[in-house]
Amino acid sequence: MNSENNILLDIRKLRVYYVMSTGSVKAVDDVDLTIKNNEVVALVGESGCGKSTLAYSILRILPYPGEIISGEIIFNGMDLTKMDEEELRKKIRWRNISMIFQGAMNSLNPVMKIKDQLMEAIIYHEDAIEDVDAAYLKAIELIRRVGLDPDRVLNSYPHELSGGMKQRVVIAMSLLLNPRLVIADEPTTALDVTTQANIIDLLKDIQREIGISILLITHDLPVVAEIADRVYVMYAGKIVEYADIYSIFKNPQHPYTEGLINSVPSLVEGKLRKLTIMKGEPPDLINPPKGCRFHPRCPYKMDICEKEEPPPVKLKEGHVANCWLHVKR
Ligand code: SF4
């Protein structure tokens, strides 16, 4: 850990491409992102903008043909891009960084009781737990921690549980080895609105009580508003803006962030704000647009936007937007 600024994860100039015979999909392109201890950071953007690729890169579980092309991922002083598989398994995955995968509740093994699935995960990392009895006690504690009754849940098969209960089990699994960072990829997708709110409350409680950091990956801005301390906005493989939660929602400074926020229903001074639908589609990441990648959809586009990539502009401490509108020329 960098004790001076309390940084737990520091991603620097990361490039991750899917290298194919038809060209490289530049899914993550020159991305910087930091997460402090005990912080909830949200990474938001439309589907296909590179959010999940960034998450898989942190755990080094990129699907083929994904490749880290350059950059560093510094976790607790270690560069994860330089570690081999053995080190990642022994030191990083699940022990220090765990992940709640998108749709994970639907990939619980249908023919195994929850108890056995939890124990299997614990025993897989057997050197992290003293013995099997200790592991079972840990499973009971975690199931209670996520608000479920161990007697009812541990002896059940997944189909005997509701969607919300299954998602709680998945969250319990992610906490099995006391990680310092949990990456939650769309943790509320496919749940009804009430269950979504309960799951977000649970994540908030756990984060506060255990003191973990969370990287929340989502396209769902109301979820972000509920739980995040800071937000990074990603568009077409690039971070286009980041700031504290209040600044992002009250004072977005990148036209894409503004478009995202305006496309979500919200009450402003007791009235429902008029919704605006963002025009156009995200670009092809094999041949992204020159200059600012958002320019084909941007209502404020200027000549320079089509020619040169906008630099990051610091608007105030902790608030940065990559947009030519903020560059004094
Ligand atoms: Fe729009 Fe230009 Fe800013 Fe890109 S750089 S968001 S095209 S104004």
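Numbers for the structure displayed
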quantity: Heavy-atom accessible surface of segment 106-178: percent carbon and sulfur, 1.4 Å; calculated: 50
quantity: Nearby lysines by direct alpha-carbon distance to residue 113 (threshold 27 angstrom, same-chain neighbours under 8 apart not counted); calculated: 90, 138, 166
quantity: Accessible area of residue 47 in the full protein assembly, 1.4 Å probe (Å², nearest 10); calculated: 90
quantity: Computed over the chain, Kirkwood Rh from alpha-carbon pairs, angstrom; calculated: 21.0
quantity: Amide hydrogen neighbours beyond the local backbone of residue 308, cut-off 5 Å, H modeled; calculated: 292
quantity: Percent breakdown of C-alpha pair distances by 10 Å bin, ordered from the shortest bin, for segment 106-178; calculated: 22, 59, 19, 1
quantity: Probe 1.4 Å, accessible area per residue of segment 106-178, Å²; calculated: 51
quantity: Normalised contact order of segment 106-178, rounded percent, pairs of Cα under 8 Å and 6 or more residues apart; calculated: 41
quantity: Percent antiparallel among DSSP beta bridges (both partners in the chain, rounded to 5); calculated: 65
quantity: Per DSSP, loop GluC sites (Glu not before Pro) in segment 180-283 with at most 12 further Cβ within 10 Å; calculated: 269
quantity: Cα gyration tensor, segment 159-238 - rounded (a/c under 1.5), prolate or oblate; calculated: oblate
quantity: Segment 59-168: Rg to Rh, with Rh as the Kirkwood radius over Cα pairs; calculated: 1.03
quantity: Length-normalised contact order of the chain in % [C-alpha pairs under 8 Å, at least 6 apart]; calculated: 20
quantity: Relative contact order (%) - segment 203-329, alpha-carbon pairs under 8 angstrom, separation at least six; calculated: 20
quantity: Alpha-carbon centroids, segment 45-91 and segment 208-254: separation in whole Å; calculated: 20
quantity: Accessible area of segment 14-54 belonging to carbon and sulfur atoms, whole % at 1.4 Å probe; calculated: 48
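The values are calculated or read from the model by the stated rules, or taken from the named source; none is laboratory data. All values reported here derive from a predicted model rather than from experimental measurement. Because the Cβ atoms are built from the backbone with ideal geometry, glycine has one as well, and the counts that use them run over all protein chains shown. Each accessible area value is taken on the protein alone, full model and side chains, heavy atoms only, with ligands, DNA and RNA left out. Shrake-Rupley method; radii C 1.70, N 1.55, O 1.52, S 1.80 Å.
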